[in-house]
Amino acid sequence: MSVPSQPLCPRQRRRMIRRRVLTAVVIVLLIGIPAGYLVISAQQSRDSGRDKEAESSVTGLRDSWPSKMKRRVFEVPIPAKSTDVAYFETSNWRTSRLYVQFTTSGAGLDDFLDDVGTSRSALEAGDVTISERDAGTVGWEFPPRKDWAATTHRQADPRPSQDITVDLTEPAAPRVYVVSTATP
């Protein structure tokens, strides 16, 4: 035979409700928050993978600025007010290359060359230092009717070396083409 339960006094009832609420809060804190964190983390990881997949599937120049990290690693300091910026990166076990093109001002060109570690006086008039193979990789053409000037800035490994070719046909808005090559 079961003993009928006695009604709880108000104080016991409040204590029981408080205990149940506290138990519910503890369950939410111990289970709900970590579960929510895992869901958010998984979503961010999935989005990051999609971004990397989209970037690696690009087969030509990408119409945007390379990340600051890429510019720093490949030592390609694009001047701040440059326009028509595009880039492409290739990597394999032997070498990594960053192809960059942009239009800047005369002062921007001088700043870029100075930041790379060379100067306008190092540019050889009528020269193109970017190889046909590299130009073909991104679809660049260097027709003879343009006013080309170029230089190669070599550095000791592991620092990258840059082949720089500039279209000076429009002196106020030179178009710069750079292939920065890093060998680990």
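Extension gain, T83 to R46: 0.36 nm times the residue separation minus the Cα-Cα distance gives 10.1 nm. For the chain, modelled as a GNM whose springs connect Cα atoms under 10 angstrom apart, the maximal fluctuation among T152, T104, T95 occurs at T95.
In terms of accessible area, using a 1.4 Å probe and ignoring ligands and nucleic acids, K81, K146 rank largest first as K81, K146.
For the options V116, V76, V166, a Gaussian network treatment of the chain with springs between C-alpha atoms closer than 10 Å singles out V116 as fluctuating the most. Residues in the stretch 44-184 average 57 Å² of solvent-accessible surface per residue, probe 1.4 Å, ligands and nucleic acids excluded. At full extension, R72 and V21 could sit 13.0 nm farther apart than now, given 0.36 nm per residue minus the alpha carbon distance.
The long axis of helix 33-56 is offset from the longest Cα principal axis of the chain by roughly 20 degrees. When the chain is treated as a GNM with alpha-carbon contacts under 10 Å, the residue of P158, P66, P174 showing the greatest mean-square fluctuation is P158. Rounded to the nearest 10 degrees, the angle from helix 106-116 to the longest Cα principal axis of the chain is 70 degrees.
If you find the alpha carbon centre of the stretch 91-106 and of the stretch 146-184, how far apart are they in angstrom? The distance from the Cα centre of the stretch 91-106 to that of the stretch 146-184 comes to 9 Å.
Leaving ligands, DNA and RNA out of it, report the carbon-plus-sulfur percent of the accessible area of the chain at a 1.4 Å probe. Reported share for carbon and sulfur atoms: 55 percent. With contributions of -39500 (n - 2.57) from each DSSP H run of at least four residues, the per-residue ellipticity at 222 nm computed over the chain stands at -11500 deg cm²/dmol.
The values are calculated or read from the model by the stated rules, or taken from the named source; none is laboratory data. On a predicted model such as this, the values are computed, not experimentally measured, just so you know. These accessible areas exclude ligands, DNA and RNA; they are computed on the full protein's heavy atoms, side chains included. Shrake-Rupley method; radii C 1.70, N 1.55, O 1.52, S 1.80 Å.
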